[in-house]
1. List the lysines whose alpha-carbon lies under 27 Å from that of LYS268, not counting same-chain residues fewer than 8 positions away?
2. What percent of all Cα-Cα pairs in the stretch 227-273 falls in each 10 Å bin, counting up from 0?
3. If amide H atoms are built 1.01 Å from N in the plane of the peptide, which residues on other chains or at least 5 residues away come under 5 Å of the amide H of TYR55?
4. Could you calculate, for the stretch 125-220, the ratio of the Cα radius of gyration to the Kirkwood radius, expressed as Rg to Rh?
5. What is the percent carbon and sulfur in the accessible area of the stretch 74-209, measuring with a 1.4 Å probe over the protein chains and ignoring ligands?
6. Quick query: amide H of SER171 versus all other amide H atoms, modeled in the peptide plane; which residues come in under 5 Å with a sequence gap of 5 or more or a different chain?
7. ALA241: net charge of surrounding residues, Cβ under 9 Å, Lys/Arg +1, Asp/Glu -1, itself excluded?
8. Counting Lys and Arg as +1 and Asp and Glu as -1, what is the net charge of the other residues whose Cβ lies under 13 Å from the Cβ of PRO213?
Amino acid sequence: MNNVQLLQQPVAPSTCNKPIELYIFIDPLCEKALSLQTTMRKLQVEYGHYFTCRYVLSTELAALNSMTSRMKGCVSGAELDITHPALPSIAIKAAELQGKRAGFRYLNKVQEVATLNTRNINSHATLIEIAQQVNLDMDEFVSDFGSKEAARAFQCDLYLTREMEVEEIPSIVFFNECIEDEGLKVSGSYNYEVYEHILAELLGEELIRQPVPALDELFDRFSTLTTAEVAEIYSINEQLAERELKKRMLQQKVERIMTDEITLWRAKERTTY
């Protein structure tokens, strides 16, 4: 692996009861980030008891400062009817201010909308609508989205990208729980087995794989899945994965969202009477 290197002065990982922390540097709307998502989901399903993740947004946007000045004091879609490529990243950081899980939910939904390409993901109105769909506190989100704090959080991610000399997106930096140890930077994306091997090497022990949950439980964990992701997570071919997904569609457990480019599967909301 030519693009794997040790970092001499790593950023200290967060204190937690899981021994490994991953800093995942992505451009959230980049096709490569969406490809890495499949690998990361499988890694979380099988080995999530060993590590935590921190996503670092690494989109280089020269016009960020001029755009954020336009946002100052704006707190609603009506007042801020603008479109800009920095807005999705700032919106993700605004969602993270409501907690790590809220940030993950929002990031996943942003990537889903970007993948389907049916709405303008750089639109302020679209990003507000996404916040509603993932059940964020809307008053808090709208306030944070138009604040300096969210823009600064995004700028901090860009600074961290430069400080750690991350030159290829996506990249992942692995840290163990010992603050004195060097981090391991993996530039680019690789097959699943490469990340599995790195985890085992850092832990110094044989990995214990968690059993893969039932498909219904998987949809409880991830809002949408592609046929390829289901195939990857269950280590089956895509034809078999699609057959299982179609069965659940007939049972009205999932719905299929299709465009000319891609097919996504999403759990149907349960109706109560």
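The values are calculated or read from the model by the stated rules, or taken from the named source; none is laboratory data. Predicted, not measured: the structure shown is a model, and the values here were computed from it. Here the Cβ is made from the backbone with ideal geometry for all residues, glycine too, and neighbour counts use every protein chain on show. Surface areas here come from the heavy atoms of the whole protein model, side chains and all, with no ligands, DNA or RNA. Shrake-Rupley method; radii C 1.70, N 1.55, O 1.52, S 1.80 Å.
1. LYS268 reaches LYS42, LYS100, LYS109, LYS246, LYS247, LYS253.
2. Histogram of Cα-Cα distances, whole percents per bin: 26, 52, 19, 4.
3. HN-HN under 5 Å from TYR55: ILE24.
4. 1.08
5. For the stretch 74-209, the apolar C and S fraction of the accessible surface comes to 45 percent.
6. Excluding prolines and chain starts, which carry no amide H, the hits are PHE25, GLY188.
7. Combined, the nearby Lys, Arg, Asp and Glu give -4.
8. After counting each charged neighbour, the total is 0.
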